[in-house]
Every structure is written in structure tokens, then in C-alpha cells.
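Student: Dropping a structure here in C-alpha cells format, bear with me for questions.
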Amino acid sequence: MGNENLPLRFPHQPILEDQAPEREQSPPAAADDDHPPETARCDWDFSLSAVVSSAASTSSDAIGVVEFDQSNSFLATGGIARKIRIYTARKLLPSSDQNGGRTAAAAFLDHAAACDYYMCTPAKLSSLKWKPGSGSRVIGSGDYDGAVMEYDLEKRVPVFERDEHGGRRVWSMDYSHSDPNLGASGSDDGTMQMWDTRSDGGNSVASVRPNRLASSPVCCVEFNPFGGPLIGVGCADRKIYGYDVRRTADPVFVLDGHRKAVTYTRFLDLRTIVSSSVDGCLMMWATEDRRVIRTYSGHLNGRRFVGLSVWRSGGLLSCGSENNRVFVYEKMGRTDLGSGFEPPAAAAQPPRCEGGFVSSVCWRQSGEEERCTLVAGGSDGVLQVFNGEKRPCS
């Protein structure tokens, strides 16, 4: 594949209007990238392993979030349908399990058959996170009604609910890996709230307004999964803020380089953050000296949440796109490593409306470095599973 832009293509999917970031700011001066891209030394081959859909899939079933648990054994999805669906990962990877990572043909599955079970939620979901240390039993959610909830998946009942944001939409929530009882959420109200899951209601642990001059929505929050007290916060004011959770009065760093709202932040390692924005770019940052390491472009993202995921052990980044494609970038350069093909899903399924987009992506954080699994959700409720295999290095 070399250095060509060859993205994975999705079948057509209808537009989901109310997932769009609603606020944009005037662009700042472009950040200098004094680290030129390096040529990727290894290529990847991607193949479609499974397509999960239903005959009645529409924009009302849009998948806004896809999350593997810590054991990589279970997959959860959520979105507009007000359902948390739980899948066993091996059911979605039948061909790769049997053929050592190579997929002979894509499996076409129905959500009802592929899904182990689902739980109905009171509102549309914008975020899901498996609670660390819970043995894949507890999952948290943030929703469009401004609530943060936890669900016991074994008993299939809600066990925790907080409304920290006055009914304003929660865009993102996460748990601390060093203290799983500590959670955080970001909202349209312009705040990042930290809360203790052992306290149902009452005062939050901390309330942070990153932009003190304007009520810029907080679009994403993520605790550093490598440990330590750091949390990254992405805002509609184009900036990424880093806070020490023990002292949240002031940020320990501010990263300024995007031209529009920052929709996702992901820690690639202890000192490196990858961010996504509706300016159509991903940026990789060194948090210690607050500089841009690299900028990745090629996907289309001018308005909507299209997902961002990093495969840490393999050094690959992935995001969706508003032209129905999944993009994969190698962290050491700007090479798009996806394979260019039209999955057979386009012919095997009923025609979809034009103008849809890929709305969520998630890597399976497996220990293998030669093979990988990427799951992507679409704005029409279609879930697609891709297997990747590394070619020999040149």
C-alpha cells in the first residue's frame, strides 16, 4: 500500500444531525510541526471480518460509541437507540479465530443474534466506559439528558446515577485507572466534573471550567490510563487542558493548535496525547514541552463526532470520516494504512441513505503486534469488524 491514501470504505449511512458539535471558534495561528513525517516501514493489510446490522437499521439506531473491556473479551455499543448492547468478542471474530488471523470471508450477522444481551437506557448515549477493576461487570455511561449512570451487567440494573451538569448533554465520561471510584464527565455546560461513585448525589469531588471567560462545551475527558493523577480535557475552544486531579485549580498544561473544537483526546503513552478536531486533523502532542509532534490529515471531519482510538502496542491511530470511511494512521508518519475496497456489505444489505458517516471506532488492545482488530460503528447502526495483519518490513 505504500504511502497512498487507501481508506477502508463503509456502506452509505444516513446523517445524524444531533451528534454534531454545536459551537466553533475562530481559528488560531497554525502550529508549526518541526518533526517532518517519517516513511512507514511496514504496511498493513485489512480485511472485513464481520458486519452486524438489522433489517430495520436507520439513523435512530446510530452507534455513537464502541468500547472493548479491559480483558478484550467483551464489546459494548451505545447511541441513539437508548440501548447498551453487549457482545462477546469471539462471536464477532469467527474467521480470525479459526484461521490464525486471516479472514476468508466476512460474516453477516443480525444484532439480535450477535448481541449477547442489551439494556435499555433512559436517554440517548454519548459515552460508555467499562469500570476498571470490576471484572467487566460494571459499565458507566454519559447521556444526552446530562446524567452519568453505572450499570451492573450481571444483574442488569442501574446502580449509580448523578446529574452533575444541570441537564446539559454529557459528551464524555471516564474512570481513573489508579482509583476506579473516581470518575469524570464533560458537558455542554462548559465544565468537567469529577465525582466519587461511592457517593450517589451530593457535591462533586471537583468542578473545573477550563475556559473561564466563556462557557465552551467540554467535548472529551480521559484519565491517563498509564497511571498517575493526570486527566486530559478537550474543549470547543480548540484547546486541550491537562489537570492534576489532586489540584484542579489550574491546568498543568494547555495545548493550543487546532482550528476548531477538539472532540477527542487519547493518551498514546505516559507523555503523549493524540487529539481529534472538527478541523479535519489529528494531532500528536508531547505534553512535557507542549509541542505538536505530528499532524495527521486525510479524513473528512468538519462537524460531527467520528470517533478516535489508539492501538498503543501497535502504534496505530484510527478515526472515522464524514465520507463513510475508516482511516488508519501509523504514529510515525502520515501514511494512511487502510485498504481501499468496498465491503460486500454494500451489496448484501438494503440500500442506505446517502450522506452518512462513520461515527465511532475502537481498537482491540491485544498483546499481538503483528495482528490487530478494529471495530467501527456507523450512523445507521451498522457495526463492522476489521482484521489487520502486518506485512514484512521493507
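Student: Please arrange R156, R85 by how many other C-beta atoms lie within 10 Å of their C-beta, fewest to most.
Tutor: R156, R85
Student: Starting at 0 and stepping by 10 Å, how many percent of the alpha carbon pairs of region 291-335 end up in each bin?
Tutor: Binned Cα distances yield the sequence 27, 55, 18, 0.
Student: What's the FRET efficiency of N181 with R291 using the Cβ-Cβ distance as r and R₀ = 45 Å, to the nearest 0.05?
Tutor: The calculated FRET efficiency here is 0.85.
Student: What is the calculated FRET efficiency for R391 to N323, with r their C-beta to C-beta distance and R₀ = 30 Å, to the nearest 0.05?
Tutor: After rounding, the FRET efficiency stands at 0.70.
Student: A follow-up question, please. Taking the Cβ of Q70 as the center, what net charge do the other residues with Cβ under 14 Å away carry, scoring Lys and Arg +1 and Asp and Glu -1?
Tutor: Result for the neighbourhood of Q70: +2.
Student: Then there's this: Given a Förster distance of 22 Å, report the FRET efficiency between D116 and S60 from their Cβ-Cβ distance, rounded to the nearest 0.05.
Tutor: Between D116 and S60 the formula returns 0.50.
Student: Could you list, in their original order, any pairs among K124/K390; K91/K131; K91/K239; K83/K260; K131/K390 whose Cα atoms are separated by more than 28 Å?
Tutor: Result: K124/K390; K91/K239; K83/K260; K131/K390 exceed 28 Å.
We did not get these values from a lab; they are worked out from the coordinates using the rules stated. In this text, all values refer to a predicted model and were calculated from it rather than measured experimentally. Neighbour counts run over all protein chains shown; Cβ positions are idealised from the backbone, glycine included.
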